[in-house]
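As structure tokens, the structure follows; a few thoughts come after it.
The values are calculated or read from the model by the stated rules, or taken from the named source; none is laboratory data. Bear in mind the structure is a predicted one, so any value in this text is a computation, not a measurement. Please note: Cβ atoms are built from the backbone with ideal geometry, for glycine as well, and neighbour counts cover all protein chains shown.
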Amino acid sequence: MATLEVKDLHVKAKEEEKEILTGVNLKMTTGEIHAIMGPNGTGKSTLSETIMGNPNYEVLKGDILINGQSIIGLPVDQRARAGLFLAMQYPAEIPGITNAEFIRAAINSRRAEDDQMPIPAFLKKLDHTLKTLDMTEEMSERYLNEGFSGGEKKRNEILQLMMIEPKFAILDEIDSGLDIDALKVVSRGVNAMRGPKFGSLIITHYQRLLNYIKPDVVHVMMGGKIVKSGDAELAVKLEDEGYAGLRDELGLDVKLVDEE
Amino acid sequence: MTVEMQTDQDIKKYAQQVDEPQWFTSMRLKAQQEVEDLTLPNFQKIQYHSWPINATRKLEVGDHRLTDEKLVTEQANIVQIGSKVIQKDLPQEFMDKGVIVCDWATALKKHSELVEKYFMTMATEPTENRLNAEHVAHLTSGLLIYVPKNVILKHPLTSYFFQDARQSRDYVHHLLLIADRGSEVSYLENTGTIGTKPCPANIIEEVIAEPDSHIKFASVDRLGENTTAYLNRRGYLKRNARIDWSMGMMNDGNIVGDFDSELVGEASHAEVKVVAISTGDQVQGIDTRVTNYGQHSLGNILQHGVILARSSLIFNGIGHIIHGARGAEAQQESRVLMLSTKARGDANPILLIDDNDVVAGHAASVGRVDEQKMYYLMSRGVDKKTAERLVIRGFLGPVLSALPSKEVRKVLADMIERKLVNGQKDE
């Protein structure tokens, strides 16, 4: 069992002054799926990018630990090899390298020089995973995300996730821009990963996704910190009452971005 | 070090020694006289005038025996060290169809008329500039390839030219490739250096495409770190002829490359693809030109380059359309990617249009590695250097994928990987 822990995390964007995360605390273990919900502009993406190690963000205070070891000083590639994965909201397009080549390079980066994944084993796993995600073989031979539709990119993030098998996967609004069929496919992929060796942190602002991937814990973020945690029922309640309702209930002085 | 200048007497002595034809010796003597009065060719933004690039040493018959040096060659038909051919293994098809492939001394002896007709008479001239004149006066090695009329060759010809820098000497090398009317040939050339002595290299390659011929010319240049080189490749295209150039500039030393296509014939067509990688402290200046003389002629330049460490890479792209070349087209794209803040890169598009009824266009850029892409790749676990190489491969991809031959693509991709891995060690 592995743990991922975020302690009193304060973060700002590199080029700016304003603190976006104002003291996030979170602890999870493999075998669990946590969801983070919250209104727009509350720092959900900042949290996921900071955990992964995006150099555009600066940690002002606090710590991030895997199995009790701080990863805050590690560059993004070392964090990935330590077991983290971030399914990004806006995956980059890289021409000139095929999906399959890249995924193989990513898997092999976790293995010793003399223990690289044999090609037949890789292809077998790739084939199986593509089928799970209703993806064609042709998709794996296309250049990494180049010319992919929004939905294809999201699917491709899950393909990489399933191939790499991280300890902890953060899914940053994986549901945005997906129609209901694609949402089901993506959920099927994540559910297939569920098990004692895998934990996931799902960032979303709609409860819809959580109908397909049942979370063990739901956190609500507002104003740069987690303001309430509960079980799956909390998400349903939020859907009914809205974020403003919860804010008022908790007596928080937070302005919602979409609120006029 | 003082170098004694070559005299007319030295030329005559060498001519006698190698028994070269009179007309060639006369050409040498004339070129030698002109050297002092000629200037180095000018290429915009390429500052090379202070380089030790001049060929000055007396002509001599070199001893190019191999001792314990290891040559890295893939399947080769011709391997030359200095002026000496150490391997010649032509496809049977070449013999059957009367193709001529021979070293320079043999070319002058056995095919004197052919050489006299084409040697620096069309594609370029001995007095075009100082380096050309030095080339003629000091030429000791080379290769002649002649493909007879209407001969279509299925097998490509692969050559390796090694500059011998185990001793200080000038490497002055000539390629004369002639595809006669209606013929087709695919040629892959590899240049390299054995030894580490600082030496100049002066290489001129003339590629003559007679009417209706088609030449695929690919090259991987890997001249050594201590070599200062002038590499001049000239295509001369007659009516309806076509040359596909695919060049990989993977040298380790300072080099000025002049890659020109003279689109003389009506509807002649040149495709020029260049990829270049500069590493360490080297400077690579590449001047690529297409000149449209013929009506409806077409010249396309596509060059992408990557710069690491403290090195420089300059791409000039010149599209020149001569008055009267109605319906001609010249297009070019030059892109440079810089991986370090100490690197210097330039991409200069130059269009010279002297006719109205033509199409011409250009695109040029110099940029840095996209941080978002790096972050994305690294977030999957690949380390920084591997991620950089992936981004570079992506950047060079449009040129590589446009190369006409799968084999050349593979050779070049491997060479790029090797040059990058080596170059990254020096960052």
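Among the numbered criteria (1) of a type in the set (S, T, N, Q); (2) assigned to a strand (DSSP E or B); (3) farther than 30 Å from A:E233 by Cα, which one does A:N54 miss?
Here A:N54 clears every test but (2).
Out of curiosity, is B:V290 surrounded by fewer than 24 Cβ atoms within 10 Å (Cβ to Cβ), closer than 30 Å to B:G324 by Cα and out of contact with any Pro (no Cβ under 9 Å at 6 or more places or on another chain)?
no
Looking at region B:326-367 only, could you name the residues that are without any contact (Cβ under 8 Å) to a residue 40 or more places away in the chain, of a type in the set (S, T, Y) and more than 16 Å from B:N316 (Cα to Cα)?
B:T341 - this is the single residue of region B:326-367 that is without any contact (Cβ under 8 Å) to a residue 40 or more places away in the chain, of a type in the set (S, T, Y) and more than 16 Å from B:N316 (Cα to Cα).
Keeping to region A:109-123, report how many residues are more than 9 Å from chain B (Cβ to nearest Cβ) and more than 19 Å from A:R142 (Cα to Cα).
10
I need the full set of residues from region A:53-77 which are without any contact (Cβ under 8 Å) to a residue 24 or more places away in the chain and more than 8 Å from chain B (Cβ to nearest Cβ), in order please.
A:Q69, A:S70, A:I71, A:I72, A:G73, A:L74
Run B:A343 past the list (1) at pLDDT 95 or above; (2) under 25 Å from B:F259 (Cα atoms) and report the number of the one that doesn't hold.
Checking B:A343 against (1) at pLDDT 95 or above; (2) under 25 Å from B:F259 (Cα atoms), the one that fails is (1).
Residue under question is A:R104, and the condition is that it be in a loop (DSSP other than H, G, I, E, B), within 14 Å of chain B (Cβ to nearest Cβ) and closer than 21 Å to B:D383 by Cβ; does it hold?
Against the criterion (in a loop (DSSP other than H, G, I, E, B), within 14 Å of chain B (Cβ to nearest Cβ) and closer than 21 Å to B:D383 by Cβ), A:R104 does not qualify.
With the condition kept exactly as written, say whether any residue in region B:247-264 is polar (S, T, N, Q), touching a Pro at 6+ places or on another chain (Cβ under 8 Å) and in contact (Cβ under 8 Å) with a residue 40 or more places away in the chain.
no
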